[in-house]
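*Asks:* Sharing a structure below in structure tokens format, with a few things to ask.
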Amino acid sequence: MSDRQLVLKRVRASTRHRVDHPGPHQPPELPGGWGTFAAALEGVGGRVHGPFDSGQLAGRLSAWLEQRADGGRVVAVEAAASRLGPGPWELAEVEADPHSFEGTAVAVLLGGVAVAENGAVAVEGRLAPQRALPFLCRHLVLLVSTDAVVPDLHTAFHRLPNDALAHHHLTWISGPSKTADIEQTLVYGAHGPLTLDVFGMEP
Amino acid sequence: MSQDLDRRARELLPELAVERHDAAVFDLRRRRDEAVASVPDWEPLRERAAAIKRHTLDHLDVLLERFEERARAAGAVVHWARDAEAHNLLVARLLEERDIARVVKSKSMLTEECGLNAFLAKRGFDVVDTDLGERIVQLGDEPPSHIIVPAIHRTRGEIGALFHRKMGSPAGESDPERLTRVARRDLRGRFLAAEAGITGVNFAVAETGSLVVVTNEGNADLGMCLPPIHIACLGIEKLIPTMEDLPVFLRLLARSATGQPITAYTSVVTGPRPGAELHVVLVDNGRSDLLASENHRSALSCIRCGACLNTCPVYRRAGGHAYGTAVPGPIGAVLAPGLRDDAGARALPHASSLCGSCTAVCPVGIDLHDQLLAWRREKPSTGPLERLALETAAVVMGHPRLYRLLGRVAGRLWPALARRWPGNPASHWLDSRELPEHPGLSFSQRWIRERDRG
């Protein structure tokens, strides 16, 4: 008997298909809005800028990059660059070898749904096919629209576009990479980015 | 009795380290309490999670088949392993077939349980644990002592000395931030050179065939997105029915573990990335036996948050290594006798005061302390001497005259029994306790005297 058959046979002997699924959880009305999201994000070590209107956004980001990138390589994904227009960033190639993003100083991505209860932002494969980019860069910037903020994680999953899973990966990012494995001392930048900055966009 | 655990704890966690360990672990419990207090629907959420898991375990066969079908449709290769050995051989074969030598791994309690690292090392593979805590214990050649914070038993000084020996950090360096940077630099190179990434899985969604992997460091993501092959290993109990169920568990998991509202990275992966391979290994290794037990199947609901470890007075003072299992603490003591049958596993349910704190914090409503008690009945671990003592006690209790006679004898022997001397059968018991002074009179004698006086 194959391992598959054996395991399924053993499992089948102990399942009766009598316990119904309890149905979806209905969360109470939790506080939403940009301010709540910003506070949650700062609580997990992120920084929040704006929100800015479309006329200001690229300029504010460029000014900030001048200090932060320190002359290093700045890479933006197509979805973010098309919101920003031209600026001091190169376009991330879709077909690029993931290893080629090593050495990126700042990566700029377009975020999707943002969650007020935990500061998480959805990074979808559709908007950021370069899966390695937000993990190899030293600093990560996410552009988040103020009307993308929802109060809780249940609503956030409902708000995802229908094809959110069709592009291999969907990652909720909440703050910079972190560890507390050495005597419970919080250190940012364990393996991924040392910082996370969210630039708010007015719709 | 839990003498083995007691002895190991004394050997493995020196007296001075106990207080520090206790405080560090309980701090996680405190953070958990603060996070929980900020979630108004915490109790309904816990009940919902428990109900989803009950449904899942009762439909596990159809959910496993559905997951397999959907994951395959998305381009993953799905494998099954009946036990640890089958799992280890399967992973080794996947690597050998591709002539792979360099492997990066992210945290997985399942592969700890299967002893995958040692198995692969023996066959000449270079396997690097990438979670910082796991890397520390790997370099120190010891197992993790906590499921969320693997090196919680080590001080910064010990870690600094280890990094100095193994990674050439400056002698005497013990600053956590600088030590973390040393590990980051070393491991970044290993990520970039890796030919395969092995990860655990937090949840597998049957409806979509997706894998959900959470970390704070981002190490699992680097392991998944750089090498050309990703091997994901999971126990068959990791299934959840639908994507709509996922936020229920995600809202509970990080808050219960470290008090964070969510981990820094929560990745939902459906199929391989373009041009790469994804292999999923579904492992039984005793889980179907646990599923067959009405008393203990709910232990398969565990989402490995570690909250029951952090609150447990025995774990906090004994440390994880004393348990001798991949998963320590109350959940480890509940799982061990179900997954294997040896004296060590049988003894673990006795290492508990049954205070119920574990049950009170469990985010998926596992009745941990009731299960510990149930194991004591189902798999007794008393030795012949203890059994004789208990049987004798039953006879004595049933005969009042004999009871009174032996009570007087015991009163005479008391001063000798209450002291430690070589050969005293009560010596072990007295290691950590003191007997009170003998009152001189038994309760009955005193009762009669007081009544006559009155």
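*Asks:* Please flag any cysteine in the protein assembly as shown that has no other cysteine's Cβ under 4.7 angstrom from its own Cβ.
*Replies:* Within the protein assembly as shown, the cysteines lacking a partner Cβ under 4.7 Å are A:CYS137, B:CYS114, B:CYS225, B:CYS233, B:CYS302, B:CYS305, B:CYS312, B:CYS355, B:CYS362.
*Asks:* Additional query: Share of antiparallel DSSP beta bridges in segment A:88-203, in percent to the nearest 5? All intermediate terms of the calculation are to be shown ahead of the outcome.
*Replies:* Numbers: 7 of 21 bridges.
Around 35 percent of the beta bridges assigned by DSSP in segment A:88-203 are antiparallel ones.
*Asks:* Now a separate question. Please report the antiparallel percentage of the DSSP beta bridges confined to chain A, to the nearest 5. Each step should come with its number before you reach the end.
*Replies:* Values: 7 of 31 bridges.
Counting only bridges with both partners in chain A, antiparallel ones make up about 25 percent.
*Asks:* Within 10 Å, count the other beta carbons around each residue, average over each peptide in A:182-190, B:401-409, and list them highest first. Can you show the working numbers first?
*Replies:* Values: A:182-190: 20.0, B:401-409: 11.9.
Output ranking for A:182-190, B:401-409: A:182-190, B:401-409.
*Asks:* Please enumerate, by chain and number, the lysines with C-alpha under 19 Å from the C-alpha of B:LYS107, excluding those fewer than 8 residues away in the same chain.
*Replies:* Excluding near neighbours in sequence, the set is A:LYS178, B:LYS238.
*Asks:* If you don't mind, there's one more thing I want to ask. If you wrap a convex hull around the Cα atoms of the protein assembly as shown, how much volume per residue is inside, in Å³? Don't skip to the end; give the middle numbers.
*Replies:* Values: hull volume 127.6 nm³, N = 657.
Taking only Cα atoms, the protein assembly as shown has a hull volume of 194 Å³ per residue.
*Asks:* Counting DSSP beta bridges with both partners in chain B, what percentage is antiparallel, nearest 5?
*Replies:* 25
*Asks:* List the GluC sites (Glu not before Pro) within segment A:1-90 that fall in a DSSP loop (any state other than H, G, I, E or B) and whose Cβ has at most 14 other Cβ atoms within 10 Å.
*Replies:* Numbers: sites: A:GLU29, A:GLU42, A:GLU66, A:GLU78, A:GLU90; in loops: A:GLU29.
Answer in residue order: A:GLU29.
*Asks:* Per residue of A:136-144, count partner chain C-beta atoms within 10 Å of its C-beta, then hand back the mean as an integer.
*Replies:* On the way: counts 8, 0, 0, 0, 0, 0, 0, 0, 0.
Per-residue shielding by partner chains comes out at 1.
*Asks:* Let me know the mean shielding of B:55-64 by other chains, meaning the per-residue number of their Cβ atoms within 10 Å of its Cβ. Working shown, then result.
*Replies:* Numbers: counts 6, 3, 4, 8, 8, 5, 10, 5, 2, 6.
Taking all residues of B:55-64 together, the mean is 6.
*Asks:* Something else: Would you mind checking the tilt of helix A:3-12 against the longest principal axis of the Cα atoms of chain A, expressed as 0 to 90 degrees and rounded to 10?
*Replies:* 70
*Asks:* Could you check the simple spin-label distance between A:ALA96 and B:ARG165, using points 7 Å along Cα→Cβ, in nm with one decimal?
*Replies:* About 4.1 nm separates the two model spin labels.
*Asks:* Something else about it: Sum up the charges of everything whose Cβ sits under 12 Å from the Cβ of A:SER2, counting Lys and Arg as +1 and Asp and Glu as -1, but leave A:SER2 out. Write down the numbers at each step before the final one.
*Replies:* On the way: positive: A:ARG4, A:LYS9, B:ARG82; negative: A:ASP3.
Result for the neighbourhood of A:SER2: +2.
*Asks:* Using alpha-carbon positions, what is the distance between the centroids of segment B:282-357 and segment B:197-247, in Å?
*Replies:* After rounding, the separation between the Cα centres reads 23 Å.
*Asks:* Going highest first, how would you order B:439-450, B:105-116 by mean Cβ packing within 10 Å? All intermediate terms of the calculation are to be shown ahead of the outcome.
*Replies:* Details: B:439-450: 11.4, B:105-116: 23.0.
Packing order, densest peptide first, comes out as B:105-116, B:439-450.
*Asks:* Next question. Counting Lys +1, Arg +1, Asp -1, Glu -1, what net charge surrounds B:LEU390 among other residues with beta carbon under 14 Å of its beta carbon?
*Replies:* Numbers: positive: B:ARG376, B:ARG377, B:ARG387; negative: B:GLU386, B:GLU391.
Net charge around B:LEU390: +1.
*Asks:* Okay, moving on. Over all residues in B:287-296, what is the mean tally of Cβ atoms on other chains that come within 10 Å of each residue's Cβ? Kindly include the intermediate steps, with their values, before the conclusion.
*Replies:* Working: counts 3, 9, 2, 1, 5, 4, 1, 1, 0, 0.
Mean shielding by partner chains, rounded to a whole number: 3.
*Asks:* Using bins 10 angstrom wide from zero, how does P(r) for chain B break down, in % of all Cα pairs?
*Replies:* All Cα pairs considered, the percentages come to 4, 18, 27, 24, 13, 7, 4, 2, 0, 0.
*Asks:* When Lys and Arg each count +1 and Asp and Glu each count -1, what net charge do the other residues less than 12 Å away from B:TYR315, Cβ to Cβ, add up to? Working shown, then result.
*Replies:* Details: positive: B:ARG29, B:ARG316, B:ARG317; negative: B:ASP22.
Around B:TYR315, the charge tally is +2.
*Asks:* Kindly rank A:108-117, B:218-227 from highest to lowest mean number of other beta carbons found within 10 Å of each residue. Numbers along the way, then the final one.
*Replies:* Values: A:108-117: 26.0, B:218-227: 28.3.
The densest-packed peptide leads the list: B:218-227, A:108-117.
*Asks:* 222 nm [θ] for chain B, helices only, -39500 (n - 2.57) per DSSP H run of 4+, per residue, to 500? The partial results should precede the final answer.
*Replies:* Details: 23 runs with 243 residues, N = 454.
When only DSSP H runs of four or more count, the value is -16000 deg cm²/dmol.
Readers should treat all values here as calculations from the given coordinates under stated rules, not as data from a laboratory. Keep in mind that this is a model prediction, so the values were computed, not measured. Here the Cβ is made from the backbone with ideal geometry for all residues, glycine too, and neighbour counts use every protein chain on show.
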